[in-house]
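Structure, as structure tokens:
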Amino acid sequence: MFGYDGSGDYEKIGWDEKKLSFVVREPFPSNTTDATVVFGTIGEGDPFRVLSKMPENGVIFSDGMEKDAIEFNSGVEVNIGMSEWKGCLVR
């Protein structure tokens with residue numbers, strides 16, 4: 001599912017492929033949480049659920065558009081997947 005093969009290279013995705021790449025901009029592991037999935041690729045029909053364990057100041061946004069950020073603090077869960085429209089994030 002994820003676009004990393006351990007070689008140091010990311011999976012190349014063609015413009016016509018129905019895939020979505022993601023990256024965690026600032027993964028912060030702590031004494032009680034981990035940051036093991038920090039980038040990858042989601043294909044059509046692949047569910048991807050993320051649960052925040054960050055107590056405060058957590059945000060989630062797309063394409064570097066921080067002004068469109070959604071608060072993403074402890075207990076908030078998002079389901080991310082492919083939209084019917086190319087390039088759209090499903091909320």
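Some notes on this structure:
- Pairs with Cβ under 6 Å, 6+ apart, first in the stretch 25-37 and within 13 Å of G58 (Cα to Cα) and open to solvent by less than 100 Å² (accessible area, probe 1.4 Å), second at pLDDT 70 or above and not small (G, A, S): P27/V38
- Scan the stretch 46-58 for residues that are open to solvent by 70 Å² or more (accessible area, probe 1.4 Å) and either of a type in the set (S, T, N, Q) or at pLDDT 85 or above (or both) and the total you get is 5.
- Of all residue pairs spaced 6 or more apart or on separate chains, those with beta-carbon atoms under 6 Å, a first member in the stretch 63-79 that is under 10 Å from K53 (Cα atoms) and a second member that is open to solvent by less than 60 Å² (accessible area, probe 1.4 Å) and in a loop (DSSP other than H, G, I, E, B) are F72/S52; F72/G58; N73/S52; N73/G58; S74/S52; V76/S52.
- The conditions of being in a strand (DSSP E or B), modelled with pLDDT of 80 or more and open to solvent by less than 70 Å² (accessible area, probe 1.4 Å) are not met by G14.
The values are calculated or read from the model by the stated rules, or taken from the named source; none is laboratory data. All of these numbers come straight from a predicted model, not from anything done at the bench. No Cβ is skipped: glycine too gets one built from the backbone with ideal geometry, and neighbour counts run over all protein chains shown. Accessible surface areas use protein heavy atoms only, side chains included; no ligands, DNA or RNA. Shrake-Rupley method; radii C 1.70, N 1.55, O 1.52, S 1.80 Å.
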